[in-house]
Amino acid sequence: MTIEALPADLPTGLLVGGEWVSTDRRIPVVNPADLGVLAEVGDATVTDALGAVAAASDAFPAWAAAPARQRAEVLRRAFEIMTAELDVCARLIALENGKAWRDALGEAAYAAEFFRWFSEEASRVEGGFRYSPSRDKTIITDHRPVGVAYLITPWNFPAAMATRKLAPALAAGCTTVLKPAGETPLTALWIGQVLERAGAPAGVVNVITTSQSGTVSEAVLADPRVATLSFTGSTYVGKILLDQTARRVLPSSMELGGNAPFLVMEGADVDRAVAGAMVAKMRNGGAACTAANRFYVHESLSDRFASGFEAALRALKVGPGIDQANDLGAMVSVKERDKIVELVERAGSEGLDVRAVSEVPSAGAFLAPHIVRGVQHGSVLTSNEIFGPVAPLVTFSDPDEGIRMANDSEYGLISYVFAKDAGEGLAIARRMESGMVAINRGVASDPAAPFGGMKESGLGREGGFAGIHEFLETQYFAVDL
Ligand code: NAP
């Protein structure tokens, strides 16, 4: 079944101060499955972006002072609207991002859950009351919203990365300016509209789309009315932004790149590991910061694992994500697809056994799943974030060596460990240098869990109990009672 049309009332302007504003210049949004133009969206200038900052700043005092229950109810209504319209959200994701329908629908549901989780968290922020050890004073701690939050999101999860930031920011009492990625603005604009329908007051949620993300973001971050940055994207851009936020000592939450290892230990159940590998590698066509990027398999299991994994990859049907019959959609753009093709070609010139396991449609930004056996740790495929359906397999014999290779990366977002049981898995997990470890399963993300990385994978945590604190400032009152 194929569902094509965009919603008739989909806004394509900028959302500023409760108004949808049109701009002189427009940016085309391309469907990567056929390279046709889906829509055109506004192209914000620095002036437009600072208008959004002004709107967010004007709306901040009332929103920050609103009872938490009131903010929670807006978020709860947003959850209910999104849940009732998951197919609309999934359609936008599948059309502009290219991912398979099942992944798009899964993302839409995951994205909606951030509204539910943070609607619940909004009224659970605790302060503190205690006596100092010397008893000379009372220590009261309170948390208050930091102010206007600038939120920058990537193209790979156009809905979930937006709600994972908007929901905690709004729950905390911050007002927001959201800037989605150039490739995938439509889902973000729709989410802005959902929040409007849910009753977010004018100026509390602003959405700007721009072709000049560098210039616009630098101006926004230099504006004294902006109090915090929450960024999800590449480590490369994250470092540029950290440099800019350092100039004003702005708090910054950074969800950056990954290079996740997938360890299969000697006692692991191979079928379970293959099923986990399919999810960890192929969810979102491999374009996930959490995607398993390199597979380290004990030598006693490596042939069975490789054959099982290859057979499962071969069974995937590749084609437009909007067609529900397909398991693997298009990459987000020809440019992103070609980056991966280049990596694969470099792997081939390293003498690696690179196998494309299926045919793909000739038009559009498609890439067949690839499996690469006999890879040495340190290859171009283990040292780069591939961000696509290419699975390099490395064999090890000594478990400590497997763990050492898995940790040998500047990234530390997530690791996958398949072991004989949960006890062994947990013992290995404690040795992994990553903010998250999935044990005997292929996916870890959950709105109720703290998502984030160690090393160059980022700073701070999103989701869970920690997520709201990225948007709160702690204040301490010393009191003589
Ligand atoms: P990206 O190139 O870093 O872009 C991310 C966002 O930053 C986009 O909105 C982009 O806008 C904007 N941007 C680009 N250059 C900028 C600049 N100089 N100043 C300010 N903003 C700028 O990343 P991507 O290619 O979209 O996403 C893939 C990366 O994101 C991967 O590395 C992946 O691992 C990471 N990621 C991490 C997580 C996590 O939670 N840790 C989750 C998802 C993705 P334009 O598109 O308009 O240029």
Next on the checklist: What's the magnitude of the charge dipole for region 212-353 around its Cα centre, counting Lys and Arg as +1 and Asp and Glu as -1 at the beta-carbon? Answer in Debye, nearest 20.
Outcome noted: 520
Checklist entry - Using the alpha-carbon atoms, what tilt in degrees (0 to 90, nearest 10) does helix 185-197 show relative to the longest principal axis of the chain? => result 40
Checklist entry - Do any GluC sites (Glu not before Pro) in region 1-86 lie in a loop, going by DSSP, with at most 15 other beta-carbon atoms within 10 Å of their beta carbon, and if so which? => result Glu4
Checklist outcome for this item: Measuring from its Cα centre, region 293-417 shows a charge dipole (+1 at each Lys and Arg Cβ, -1 at each Asp and Glu Cβ) which, in debye to the nearest 20, is 320
Item to check | region 328-359: GluC sites (Glu not before Pro) in DSSP coil with no more than 16 other Cβ atoms inside 10 Å | outcome: Glu350, Glu359
Checklist entry - Remind me, relative contact order of the chain in percent, using alpha carbon pairs under 8 angstrom and six or more residues apart? => result 19
Checklist entry - By how many degrees, 0 to 90 and rounded to 10, does the Cα axis of helix 213-222 deviate from the longest principal axis of the chain? => result 40
Item to check | Largest-first principal axis extents, alpha carbons of the chain, Å | outcome: 67, 63, 40
Checklist entry - In region 407-481, which GluC sites (Glu not before Pro) are in a loop and have at most 12 other Cβ atoms within 10 Å, using DSSP for the loop call? => result Glu410
Next on the checklist: If you restrict to DSSP beta bridges whose two residues both lie in the chain, what percentage is antiparallel, to the nearest 5?
Outcome noted: 45
Checklist entry - Hey, what did region 250-387 get for relative contact order, percent, Cα under 8 Å, at least 6 apart? => result 25
Next on the checklist: Under the 0.36 nm per residue contour assumption, what length would be gained going from the current alpha-carbon distance of Glu218 and Ser234 to full extension?
Outcome noted: 4.1 nm
Item to check | Relative contact order of region 212-288, pairs being alpha-carbon contacts under 8 Å that are 6 or more residues apart, as % | outcome: 25
Checklist entry - For region 122-265, what percent of Cα pairs sit more than 21 Å apart? => result 50
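Taking 41 Å as R0, compute the FRET efficiency from the Cβ-Cβ separation of Asp408 and Ala356 and round it to 0.05.
With a Förster radius of 41 Å, E is 0.90.
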Item to check | Pairs of alpha carbons in region 260-448 whose separation is greater than 28 Å (percent) | outcome: 19
Checklist entry - Taking a ≥ b ≥ c as the square roots of the eigenvalues of the Cα gyration tensor of region 28-87, is the shape rounded (a/c under 1.5), prolate (a/b larger than b/c) or oblate? => result oblate
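Using the 10 angstrom Cβ neighbour count as an exposure proxy, how do Thr235, Thr215, Thr163 rank, fewest first?
Thr215, Thr235, Thr163
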Checklist outcome for this item: Rounded to the nearest whole number, the per residue volume of the convex hull around the C-alpha atoms of region 364-421 in Å³ is 125
Item to check | Charge dipole magnitude, Cβ of K and R +1, D and E -1 - the chain, Cα centre, debye nearest 20 | outcome: 700
Next on the checklist: Quick check on the chain: helices-only [θ] at 222 nm, where DSSP H runs of length 4 and up contribute -39,500 (n - 2.57) each and the sum goes over total residues. Nearest 500, please.
Outcome noted: -12000 deg cm²/dmol
Checklist entry - For region 134-209 and region 342-369, what is the separation of their Cα centres, given in Å? => result 38
Next on the checklist: So if I take the centroid of the Cα atoms in region 1-66 and the same for region 445-481, what is the distance between those two points in Å?
Outcome noted: 28
Next on the checklist: Compute the angle between helix 68-84 and the longest alpha-carbon principal axis of the chain, please, reported from 0 to 90 degrees and rounded to the nearest 10.
Outcome noted: 40
Checklist entry - Among Val332, Phe387, Gly435, which residue has its Cα positioned farthest towards the positive end of the charge dipole of region 260-448, with +1 placed on the Cβ of Lys and Arg, -1 on the Cβ of Asp and Glu, and the dipole taken about the Cα centre? => result Val332
Checklist entry - What residue among Gly308, Ser409, Leu166 has its Cα farthest toward the positive end of the dipole of the chain, where the charges are +1 on Lys, Arg and -1 on Asp, Glu, each on the Cβ? => result Leu166
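Every number in this text was worked out from the coordinates using simple rules, so none of it is lab data. Just so you know, these numbers come straight off a predicted model, no measurement behind them. So basically every Cβ, Gly included, is an ideal-geometry build from the backbone, and we count neighbours across all protein chains shown.
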